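Following: one structure in structure tokens, then a few remarks.
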Amino acid sequence: MKINFIPIDYNYFDFQGRNYARIVGRTDKGKRVCLIDTCDVYFWAILKDGLKDKKIESICKKIERIKVSGKTRDSRVLKTEVHEKNFLSKKVKAVKVFITNYKDAHAIVNEIGFKEVEKRRGYDLGFITKYIIERKLKPLNWYSIDGELLGNEDIGGIANLDVDLCLRVENINEIEKEEFVPKVLAYDIETDEFEIGKGNIVLISLVGKNFKKVLSWKKDSKKPYVEKCKDEADMLEKFINYVKEYGPDILAGYFSDGFDLPYLRARAEYNGIKLNLGLDNSQPTFTRGNTRTGKINGIIHIDLFRFIRNVYSQYLQSETLSLNEVASEFLGEKKIEWEHNHSSKLDNAKWEDYFEYNLHDSLLTYRLYEKIWPDMIEFTKIVQEPLFDISRSTMASQVEDYLIHNLERFNEIAEKRPIYDEIGRRRAEGKYEGAYVFQPIPGLYEDIAFFDFTSMYGSIIVSFNLSRSTLLEKKEKGSVEVELDKKVYFSKKKGFFAEMLEEIIEKRKQYKKEYTKNPSGLLKARSNAFKLLANAAYGYQGFFGARYYCIEAAAGTAALARKEIKKTIENIENEGYKVIYGDTDSISFLRGKKSKKQVLDLLKKINSKLPGIMELDLEGFFKRGIWVTKRTGDFGAKKKYALIDEDNKIKIRGFETVRRDWCKLARDTQNKVLEFILEDGNDKRAKKYLEKIINKIKNREVDLKDLIIKTQLKKPIEEYKSISPHVTIAKRMKEEGLPVNIGMLIEYYIANIDKKRSLVRERAKMIGDNDKYDVDYYLNKQILPSVENILEVFDVNTKELVEGKKQMKLGEF
DNA sequence: GTTCGAGTCGTACC
DNA sequence: ACGGGTACGACTCGAAC
């Protein structure tokens, strides 16, 4: 029979010793379908140069005789073929070794240690990756599938699979169809204890399209969406039933890999219930290791937190990746305020709030899912790994997967993943010199122009062909020379890495253009995905875990970036402009008396001379900007500046205002001071404002919540060599039985106690402690440092401002 | 006991 | 272990006085 089908979830199983893929997806009529399919399993034995055909033939014969016997199955080589391939852009002869089971690839590879075999590759790719490459059944694309209807045969457990239809695949044809809209259920749980499985699960909420539900067992409610269950066990069973009834393609949570799903699993176990959410009635499985991952057979479990952290975090303003902040940034909507309490301490009114709070979390999760679904589907289609993996992959692995799925076009054999020793070696190579940062001269400037290179590092990799496969052992005709510790050379002939990256950058440009003409969430996501891939390509080559790691390419990229930006700065100065700052790929300079048109002409002129696909762009014109002195030393601080554009929009970089480890008061004060100075061009309003704040502190009129300092605990308490205030507080919290986890923001303030003691940590207090705040500390260690260097530009001595007032105050007594 | 420079740590920029 | 280097600045630590 023939169906239109979109693959969603990929799995594999063994049947009679062979590997099969089991793909769950939907038809265009919304039916849930399972496909059973298989593909050739093989790896490559790359031969040494110059072997005679006869020799090669005998090697193939030898390989074909290999058999390995294991505990559960015997495996053998099925056949061999000799192919002309490329490996790291070099032409090679390679034996394609077909085997019975991919899990035995390593064992068979170990039998091929012949001296004529130079390298063995392609045995460390996952079966599903191999399957997608071989059969070209790419996730979240539409296909017309010819297949044989599977009835009662129990192959791969399909007999117990909750789907409408099972097919054994015969033919696959890609087709065009409208965007797929999956069925999605968002969920969230409330518990009495934070530690997984320790306390009861009190509430479970579910939100889908036209569906909302809160399951409760401790308390009933008149709210229509609240359903009372007998006990925790009953609630868990109802949860399972609702999921099964709704039949989602995707079950989405926020931090659910690390909390909700393992908690559900633990409580199910405690209550003697099987959490059989899988389409095959299996329970969720969790990968071991530092980051737990929860998988449900047939349904994609997505932890939105992980996708946002891996793909988006560097582009977000949020200071933490909590659901509250992330939802607020993406959706403009916050969580309902709620103080966590043990359920036994709630009165009736509070319970009603609790239901609402719990439901709202699922609602936010659902909306967040809707918001970033276009990005997830685009990443999946571009990178071509299953959605489950895409939603959890780091950017380095997205880049690598993109490469792997596109190697065939270059007839390339995949490089192997580095093993433990290799990673150690790479890490020992140490750092290389990175970006160039221009030393600014402190001051307030008017009429500033700001240029930046578009995808600078990516465009350098493309323009100079910097990659592992193009790195030469010695100079060649036309090769690119880069001066590092030693000189390194890259081939003139374009390698696949630069080719693919060029395509990525090209597509980014194309879709960005299409988007501006015809805005849609999809086009935006598509252009964005290409942009993120392009930006991650540089980091990938310098990443010790990368298959195509190349420290020379990474260091070379940085070196050429330094060279190009310095050259451009010189060009701008030669045209009579004064450059005041630059960092990595950006340059700001004073427009002076010249018109905007003249600046744009200069841009054009520079662009006409840039190498390869490199491009300089106008970031904007700013009417005013400020650069300040370093706190230690008397020269300009790098990575700290503030600008105001012609619409009075302010852009602040590096200042305490944007640092979460400063108290709110200091940040707000600095922000105001910068704002007043940039708007007015003088310090009058700023000074007045500062005086007001100083008085407020001295008179103890400041709310304690504005004085809280938040610092992240980055590792286990015992591992700290230097015990800073936040570590002291974390220790205390642990002693008091409060939850302390790595990654948590530790909150404290500095109190007016033990003034003789010199260490700040001895005066650090937790919120709720009844000590008064330390006026001196907040004046001299928070407010003053945050504004000192800014007002110094106007020769204002802030110290006198602080102390002068203090004396006046003393005089009043 | 105080002083000061080195080292640790967290967070930002690009 | 799960992109890279550059930079700032607070705070602690410990040697030197």
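Where a number appears in this text, it was derived from the coordinates with a stated rule and is not lab data. Just so we're clear, the structure is a prediction, and the values are computed from it rather than from any experiment. Note: ideal-geometry Cβ built from the backbone for every residue, glycine included; neighbour counts use all protein chains shown.
Taking a quarter of the surface of the Cα convex hull of segment A:401-524, what do you get in nm²?
Taking a quarter of the hull surface, the average projection is 13.5 nm².
Stick to Cα atoms and the Kirkwood definition of Rh, then tell me Rg/Rh for chain A. Spell out each step's value before the answer.
Working: Rg = 30.9 Å, Rh = 30.8 Å.
Result for chain A is an Rg/Rh of 1.00.
Please report the orientation-averaged projected area of segment A:1-72, defined via the convex hull of its C-alpha atoms, in nm².
Approximately 8.5 nm², given one-decimal rounding.
Which cross-chain or sequence-distant (5 or more) residues have an amide H under 5 Å from the amide H of A:Tyr12, H modelled 1.01 Å from N in plane?
Amide H neighbours of A:Tyr12: A:Arg22.
For a quick check of your reading of the filter: which trypsin sites (Lys or Arg not before Pro) in segment A:45-119 sit in a DSSP loop and have no more than 16 other Cβ atoms within 10 Å?
A:Lys48, A:Lys52, A:Arg65, A:Lys71, A:Arg73, A:Lys115
Quick one: Karplus J couplings for segment A:393-398, per residue in order, coefficients 6.51, -1.76, 1.60, θ = phi - 60°, nearest Hz, x for Gly and Pro?
Ordered by residue, 3J(HN,Hα) equals 6, 6, 4, 4, 6, 5 Hz.
Which ordering of A:Ile551, A:Ile572, A:Ile175 is given by a fewest-first count of other beta-carbon atoms within 10 Å? List each step's numbers first, then the result.
Details: A:Ile551 19, A:Ile572 23, A:Ile175 13.
Starting with the residue having the fewest Cβ neighbours, the order is A:Ile175, A:Ile551, A:Ile572.
Once the convex hull of the C-alpha atoms of segment A:579-724 is built, how many Å³ does it hold per residue, rounded to a whole number?
Roughly 200 Å³ of hull volume per residue.
What number in nm² do you get for segment A:36-147 if you take the convex hull of its Cα atoms and divide its surface by four?
Hull-based average projected area comes out at 8.7 nm².
Would you tally the net charge around A:Val437, using a Cβ to Cβ cut-off of less than 13 Å, leaving A:Val437 out, and scoring K and R as +1, D and E as -1?
+4
For segment A:664-702, which GluC sites (Glu not before Pro) are in a loop by DSSP, counting at most 14 other Cβ atoms within 10 Å?
In loop regions of segment A:664-702 (DSSP not H, G, I, E or B), the sparsely surrounded GluC sites (Glu not before Pro) are A:Glu701.
Estimate the FRET efficiency between A:Lys494 and A:Lys381 by the formula 1/(1 + (r/R0)^6), using the beta-carbon distance for r and 22 Å for R0, to the nearest 0.05.
Using R0 = 22 Å, I get an efficiency of 0.30.
Under a 5 Å amide H to amide H cut-off, with H placed in plane at 1.01 Å, what residues pair with A:Ile175 once short-range neighbours are removed?
A:Trp142, A:Tyr143, A:Ser144
Mind ordering A:228-236, A:718-726 by average Cβ neighbours within 10 Å, highest first?
A:228-236, A:718-726
Please work out the Cα center distance from segment A:1-40 to segment A:181-255, rounded to the nearest Å.
30
Using amide H atoms built in the peptide plane, which far-off residues or other-chain residues are under 5 Å from A:Ile580 H to H?
Under 5 Å from the amide H of A:Ile580 lie the amide H atoms of A:Ser588, A:Phe589, A:Leu590, each far enough along the sequence or on another chain.
Can you give the relative contact order of chain A as a percent, counting alpha carbon pairs under 8 Å and 6+ residues apart?
Over chain A, the number comes to 9 percent.
Applying a 10 Å radius around every beta-carbon, put A:138-148, A:411-421 in order of their mean neighbour count, most first.
Put in order of decreasing packing, that is A:138-148, A:411-421.
Provide Rg over Rh for segment A:69-209; use the alpha carbon set for both Rg and the Kirkwood Rh (inverse mean inverse pair distance).
My calculation of the ratio gives 1.11.
For segment A:346-417, evaluate the Debye formula with one uniform point scatterer on each Cα (no solvent term) and list log10 I(q)/I(0) at q = 0.12, 0.28 Å⁻¹, rounded to two decimals.
-0.52, -1.18
Could you order peptides A:302-309, A:573-580 by the average number of other Cβ atoms within 10 Å of their residues, highest first?
Top to bottom by mean Cβ count within 10 Å: A:302-309, A:573-580.
Hey, if you drop one equal point scatterer on each alpha-carbon of segment A:331-485 and run the Debye formula without solvent, what base-10 log of I(q)/I(0) do you get at q = 0.15 Å⁻¹?
Each listed q maps to, in turn, -1.10.
How long is the gain from A:Val437 to A:Phe621 if the chain were fully straight, where each residue apart is worth 0.36 nm and the alpha carbon distance is subtracted?
Numbers: separation 184, 0.36 × 184 = 66.24 nm, distance 2.05 nm.
Result: 64.2 nm gained on full extension.
Quick one: if you stick a label point 7 Å off each Cα along the C-beta vector at A:Lys578 and A:Ile175, how many nm between them?
6.8
Would you calculate, for chain A, the mean residue ellipticity at 222 nm contributed by helices, counting each DSSP H stretch of 4 or more residues as -39,500 (n - 2.57) and dividing by all residues, to the nearest 500? Write out the running numbers ahead of the final one.
Working: 21 runs with 284 residues, N = 813.
Calculated at 222 nm, the ellipticity per residue is -11000 deg cm²/dmol.
Roughly what % of Cα-Cα distances in segment A:666-813 sit above 19 Å, to the whole percent?
Beyond 19 Å sits 59 percent of the P(r) for segment A:666-813.
Full-extension gain between A:Phe286 and A:Lys638, please, as 0.36 nm times their residue separation minus the C-alpha to C-alpha distance.
Contour length minus the Cα-Cα distance gives 122.2 nm.
Can you bin every Cα-Cα distance in segment A:253-308 into 10 Å intervals starting at zero and give me the percent of pairs per bin, rounded to whole numbers?
26, 55, 19, 1
Rounded to the nearest Å, what's the spacing between the alpha carbon centres of segment A:448-502 and segment A:392-439? Just the number, please.
15
Can you give the charge dipole size of chain A about its Cα centre, rounded to the nearest 20 debye, using +1 on the beta carbon of Lys and Arg and -1 on the beta carbon of Asp and Glu?
Charge dipole, chain A, about its Cα centre: 2000 debye, nearest 20.
Given all pairs of different Cα atoms, what value in angstroms does the Kirkwood hydrodynamic radius of segment A:172-277 take?
For segment A:172-277, inverting the mean 1/r across all distinct Cα pairs yields 14.8 Å.
Extent of segment A:598-654 along each principal axis, from alpha carbon coordinates, in Å, largest to smallest?
Between the extreme Cα coordinates on each principal axis of segment A:598-654 lie 41, 29, 18 Å.
Would you mind computing, in nm to one decimal, how far apart the modelled labels at A:Lys48 and A:Glu476 are, each placed 7 Å from Cα along Cα→Cβ?
Taking the simple label geometry, A:Lys48 and A:Glu476 are separated by 2.3 nm.
Arrange A:Arg660, A:Arg22, A:Arg631 by Cβ neighbour counts within 10 Å, fewest through most, would you? The partial results should precede the final answer.
Numbers: A:Arg660 15, A:Arg22 22, A:Arg631 10.
The fewest-first ordering by Cβ neighbours comes to A:Arg631, A:Arg660, A:Arg22.
Give the distance, in whole Å, between the Cα centre of segment A:514-543 and the Cα centre of segment A:719-790.
When both Cα centres are located, 41 Å separates them.
Over the Cα atoms of segment A:459-606, Rg to Rh with Kirkwood Rh, two decimal places?
In segment A:459-606, Rg relative to Rh is 1.04.
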